[in-house]
Amino acid sequence: MMTELLCRLFVRDRERTNDARVRSSYGTLSGVVGICANLLLCLFKMIFGFLTASLAITADAWNNLTDAGSSVISMVSFRIAAKPADRDHPFGHARIEYVASILVSFLILLIGAELLLSSFGKIFSPAKLVFRWAAVAVLAVSILVKLWLALFNRTLARRLDSEILRATASDCMMDALSTSAVLVSQIVFHVFGLNLDAYIGLAVAVLICIAGLRILNSTKNSILGEAPVEETVENIRRIVSEYPDALGIHDLLVHSYGNGHLFASLHIEVDGCKDIFETHDTIDCIERRISEELGIACTIHLDPIVTDDEKVFALRREVEAAVKVADERLSVHDFRFVAGPTHTNVIFDLAIPFELRDDAERLKDRIGQLITEINPDYFAVIQIDFI
């Protein structure tokens with residue numbers, strides 16, 4: 001309820017989440033809320049960390065300070081991401097969110113490493129603790145605030161499909177867990193007289209490092225490039241299948257340049273005997289529909305195939321059967337053959353799943369042998385495509 005209220009008050013046109021200006025407003029909202037909350041938590045924890053001589057509370061305060069810094073980075077990244085495309089950046093600036101996520105992860109890891117060293121030192125030279133109920137109250141309030149911030153940022157991340165806000169939400173949840181551990185250590189010290197402060201500080205540092213590594217790994221995958229989600233692939237295939245002139249689809253690639261900046265390329269097999277202008281018009285219609293319905297800028301390559309030669313059909317069926325003998329997961333596209341005086345080149349692309357990558361050459365040789373068994377004059381010219 002609070003999240004929705006804040007969005008209504010501070011984000012104009014909040015439903016247009018693909019609009020760069022709207023995303024910037026969401027980013028500013030998340031940043032301002034995070035900065036204010038974390039600076040207040042850091043201040044109170046620093047005070048009570050000093051009064052109680054607790055390394056764990058002080059460590060938690062430093063963690064809140066890094067969260068405030070992360071919120072600043074997040075806010076700035078949304079501002080930059082909102083900039084329109086220019087000559088030097090024709091795909092826009094949306095990927096700056098990934099760079100910001102990496103900066104956040106490095107900042108978190110740096111603080112985590114510092115706290116690890118401090119905690120190890122305090123294990124061998126423990127400080128005398130002083131219990132205060134006010135410190136317990138501050139820690140309890142901090143846990144509630146961090147849980148709310150986690151839900152707040154997770155809601156915004158889901159709404160915007162934002163990596164940096166997912167990272168922020170994950171960090172807030174880890175903060176709530178680490179502060180809970182500090183709170184438990186204070187209660188244990190008060191009730192049983194056991195000083196677990198340095199060990200809890202060590203646990204907090206480990207949790208901080210884990211959060212940093214998780215953010216770094218998630219962002220790394222986005223920067224390196226990930227396979228498109230199955231829903232996107234199926235939606236593209238669905239649109240293409242609605243056009244009778246599109247006889248087959250292959251080599252589908254989807255590239256992301258940040259939220260709302262998706263680009264795709266694919267090959268569509270068409271009847272080589274049809275009028276090229278009619279076929280081109282069909283391709284234009286498919287590209288336009290993919291852009292309008294899915295928000296993906298699409299480029300389609302035409303692959304003309306023979307559709308009125310029974311000899312070609314019969315040979316393709318035999319080759320496809322041979323391919324399935326080699327492995328059921330394989331498929332054929334761009335099929336053609338060139339007859340010569342001494343032999344016939346059977347030319348096609350062989351689509352191989354990535355999990356069979358190591359067996360590609362063996363499968364290629366095996367299929368070549370099977371095609372030669374069909375007719376000794378056949379020579380397979382195979383281009384491998386990994387899917």
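The values are calculated or read from the model by the stated rules, or taken from the named source; none is laboratory data. This one's a predicted model, so the numbers in the text were calculated from it and none came from an experiment. A quick note on method: Cβ atoms are made from the backbone with ideal geometry, for glycine too, and the neighbour counts reach across all protein chains shown.
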Inset, instruction - Inspect all residues belonging to the range 215-232 and state whether any of them is surrounded by fewer than 15 Cβ atoms within 10 Å (Cβ to Cβ), part of a helix (DSSP H, G or I) and at pLDDT 85 or above. - result: no
Inset, instruction - Kindly indicate the residue of the range 272-321 that is within 27 Å of the chain's Cα centre (by Cα) and among the acidic types (Asp, Glu) and also surrounded by the fewest Cβ atoms within 10 Å (Cβ to Cβ) among those meeting that condition. - result: Glu292
Legend entry - Cross-chain or 6+ apart pairs with Cβ under 7 Å, the range 44-62 first and under 12 Å from Phe131 (Cα atoms), then of a type in the set (Lys, Arg) and in a helix (DSSP H, G or I): Ile57/Lys45
Inset, instruction - Looking for whichever is basic (Lys, Arg) and within 13 Å of Ala326 (Cα to Cα) here; the options are Arg366, Arg357. Which one fits? - result: Arg366
Legend entry - Looking only at the range 233-270, and only at residues there that are polar (S, T, N, Q) and not in a helix (DSSP H, G or I), the one that is nearest to Phe335 (Cα to Cα): Ser265
Legend entry - Selection count, the range 135-163, where residues are more than 29 Å from Ile57 (Cα to Cα) and more than 21 Å from the chain's Cα centre (by Cα): 0
Inset, instruction - Identify, from the list Leu115, Leu109, the residue that is at pLDDT 80 or above and either of a type in the set (Ser, Thr, Tyr) or in a helix (DSSP H, G or I) (or both). - result: Leu109
Inset, instruction - Working only within the range 190-242, note down all residues that are of a type in the set (Asp, Glu) and under 16 Å from the mean Cα position of the chain (by Cα). - result: Glu226, Glu230, Glu231
Inset, instruction - Could you tell me which of the residues Ile276, Ile286 is in contact with a helix residue (DSSP H, G or I) (Cβ under 9 Å, 6 or more places away or on another chain), more than 20 Å from Asp385 (Cβ to Cβ) and assigned by TED's automatic domain parsing to the domain that holds His255? - result: Ile286
Inset, instruction - May I ask you to verify whether Ser101 is over 18 Å from Thr179 (Cα atoms), in contact (Cβ under 8 Å) with a residue 24 or more places away in the chain and of a type in the set (S, T, N, Q)? - result: yes
Legend entry - Lys324 being of a type in the set (D, E, K, R) and in the same structural domain as Asp171 (by TED's automatic domain parsing): no
Inset, instruction - State whether the residues of the range 31-40 include one that is in the same structural domain as Val141 (by TED's automatic domain parsing), touching an Asp or Glu at 6+ places or on another chain (Cβ under 8 Å) and surrounded by 20 or more Cβ atoms within 10 Å (Cβ to Cβ). - result: yes
Inset, instruction - Could you list, in sequence order, all residues of the range 226-256 that are within 30 Å of Arg16 (Cα to Cα) and in contact with a strand residue (DSSP E or B) (Cβ under 7 Å, 6 or more places away or on another chain)? - result: Pro228, Thr232, Val233, Ile236, Arg237, Val240, Leu252, Leu253, Val254, His255, Ser256
Legend entry - Total residues in the range 233-256, condition surrounded by 13 or more Cβ atoms within 10 Å (Cβ to Cβ) and polar (S, T, N, Q): 2
